[in-house]
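*Asks:* Handing you this structure, nothing more for now.
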Amino acid sequence: MVLRLLAEVRSGGRQLAPALDRALRELEAREARAFVTDLAYGTLRHARLLEAALAPRLAAPEQLPDRVRLVLLAGAFERLVRGTPAHAAVHAWVEVVKRGPPKERRLAGLVNAVLRRVDPHDLPSPPGTASLPPWLFARFEAALGPAAAERAAAGMLRPEPLWLSASDPAAAAQRLRDEGAEVAEGPLPGSLRVRAPRPLATLAAYREGLVQPQNPASLAVVRACGDVAGRRVIDLCSGRGVKAVALAAAGADVTSVERDPSKLRAAAANAERLGVRLEQLAWDLRTPPPLAPAPLVLLDAPCSGTGTLRGHPEIALRLTPEAVERLRELQAQLLTSALACLAPGGRLVYAVCALTAEEGPEQVEALLAAHGALRPLAAELPLSPTVAAGPGRFVLPEEGLDGFYVAVLERSA
């Protein structure tokens, strides 16, 4: 199963999260599900480090069958990162090779020798620097500074807990505990760190609308909008509506604008589960939508996702500098549409789950230079650690947080 997942992501262009979700339906035991999840995510997060550790012990790794290369990566992850004893990890992966096609079986001895000889000292250091393509780490350094860039990259190599948000965290926590979950307070009021006994969707706390999966950094973007009770809010590029339902639960009158109708349908179903109301509009925001200006506009723009490599490790395998530039151009168009939605005296909250200067501070600085009626406000992000950057702040992806850039702008009356 793990090799199939790794092949689908590395060679087949699939995203790991949905592929893994489908695969886990075949497993009932919690321990088996946890092992497959850790092995799949861990191997992909550490892929560049593992390849570097294996390279000195392989004469021509590019000539090996793809499946054998994946066995070596997964086996090296078990040995070097998980700390699985050699006799257990090596035997298991050698047996996998022996059960493969004839051209792979003859390589069982090679796999055995390589996995027995790899050593933690073979891993490059520092790990964050080596876990990313050099061009991408250079972007992190330019945006965050060298020390924070290394912390961010290293932080995304570590797993995150199940983060949930709740309008009534005490009631949600008790319901979860009644079902056997371990629950602790998250870093923000309303956020919960959870270890669930079975898949979230099967828990009553989820079915009854008490909780919503949401990283605290995403919840912090909502909190940056301030007191929204009784206010009209336009949520642009709303996706599946995670922030929209949080705004609605806080008392806002929310209009969600999203180009993809399937995402709007998912958001509507989620809003119904949570018992909140959303207005929705399907619209391509490269042009302004036909909406009356609102006092508060949230634009969580499409971006490189480089602050979410922990949960989406495939991004580091595929992202290119050219793709970042195309996204920067799109974000500039979307910001123009966002301004068309913003009433005089209103506030615009701009966010991206990216750790590049082009998509964050440089984007906002260009907007401020072009529009004299805008001024930056302090982005209230009650999370740690954060890094000031131009008109906003970066949330660093440590302690299970996603990385975000958030800026708050006010239009003169």
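What follows is calculated from the coordinates using simple rules that are stated; it is not laboratory data. Source: prediction; values computed, not measured. Note that each Cβ is placed from the backbone with ideal geometry, even for glycine, and that neighbours are counted across all protein chains shown.
*Asks:* Below 8 Å, C-alpha to C-alpha, sequence gap of six or more: please give me the relative contact order for segment 1-85 in percent.
*Replies:* Over segment 1-85, the number comes to 33 percent.
*Asks:* Taking just the C-alpha trace of segment 162-213, give me its Rg and Dmax in Å.
*Replies:* Gyration radius and largest Cα-Cα distance of segment 162-213: 9.3, 25 Å.
*Asks:* Taking segment 94-153, which trypsin sites (Lys or Arg not before Pro) meet the DSSP loop condition and have no more than 12 other C-beta atoms within 10 Å?
*Replies:* Numbers: sites: 98, 99, 103, 105, 106, 116, 117, 139, 151; in loops: 99, 106.
Loop-located and lightly packed - 99, 106.
*Asks:* Mind checking which lysines have their C-alpha under 24 Å from residue 263, skipping anything on the same chain fewer than 8 residues away?
*Replies:* Within reach: 243.
*Asks:* Starting from the Cα-Cα distance between residue 1 and residue 86, subtract it from 0.36 nm times their residue separation and give me the gain in nm to one decimal. Intermediate results must be reported in sequence, preceding the final value.
*Replies:* Details: separation 85, 0.36 × 85 = 30.60 nm, distance 2.13 nm.
Length gained between residue 1 and residue 86: 28.5 nm.
*Asks:* Evaluate the relative contact order of the chain (contact order divided by residue number), counting alpha-carbon pairs under 8 angstrom at least 6 apart; express in whole percent. Provide the component values of the computation, followed by the final result.
*Replies:* Details: 764 pairs, mean separation 57.9, N = 413.
Computed over the chain, the figure is 14 percent.
*Asks:* Against the 2.2 N^0.38 Å scaling, with N counting residues, where does segment 2-122 land? I'd like the Cα-based Rg ratio to two decimal places. Write down the numbers at each step before the final one.
*Replies:* Values: Rg = 13.8 Å, N = 121, 2.2 N^0.38 = 13.6 Å.
Ratio of Cα Rg to 2.2 N^0.38 Å: 1.02.
*Asks:* Please report the antiparallel percentage of the DSSP beta bridges confined to the chain, to the nearest 5.
*Replies:* Bridges in the chain are about 60 percent antiparallel.
*Asks:* Per-residue ellipticity at 222 nm for the chain, helices alone: DSSP H runs ≥ 4 residues times -39500 (n - 2.57), over residue total, nearest 500 deg cm²/dmol? Write out the running numbers ahead of the final one.
*Replies:* On the way: 19 runs with 186 residues, N = 413.
Value at 222 nm, helices only, nearest 500: -13000 deg cm²/dmol.
*Asks:* May I ask you to derive the relative contact order of segment 291-406, considering only C-alpha pairs under 8 Å and at least 6 residues apart, and to give it as an integer percent? Write down the numbers at each step before the final one.
*Replies:* Working: 185 pairs, mean separation 35.9, N = 116.
Over segment 291-406, the number comes to 31 percent.
*Asks:* Below 12 angstrom from the Cβ of residue 9, what's the summed charge of the other residues (Lys, Arg +1; Asp, Glu -1)?
*Replies:* Details: positive: 4, 10, 14, 45, 318; negative: 8, 314.
Charge balance in the 12 Å sphere: +3.
*Asks:* So, one more: Across segment 307-413, how large is the tail of the calculated P(r) beyond 22 Å, expressed as a percent of all Cα pairs?
*Replies:* Numbers: 1901 of 5671 pairs.
Tail fraction, whole percent: 34.
*Asks:* Something else now. Based on the Cβ-Cβ distance from residue 27 to residue 99, what FRET efficiency comes out when R0 is 25 Å, to the nearest 0.05?
*Replies:* Numbers: r = 19 Å, r/R0 = 0.77.
Working from the Cβ atoms, E equals 0.80.
*Asks:* Moving to a separate point now. List the longest stretch of the chain that has no exposed loop site; here a site is one of the GluC sites (Glu not before Pro) assigned by DSSP to anything other than H, G, I, E or B, with at most 16 other Cβ within 10 Å. Let's see the in-between values first.
*Replies:* Working: sites that count: 26, 28, 179, 208, 380, 399.
That would be 209-379.
*Asks:* Now for a separate question. In segment 226-411, what percentage of the DSSP-assigned beta bridges are antiparallel, given to the nearest 5? Provide the component values of the computation, followed by the final result.
*Replies:* On the way: 18 of 37 bridges.
Approximately 50 percent, going by the DSSP bridge assignments.
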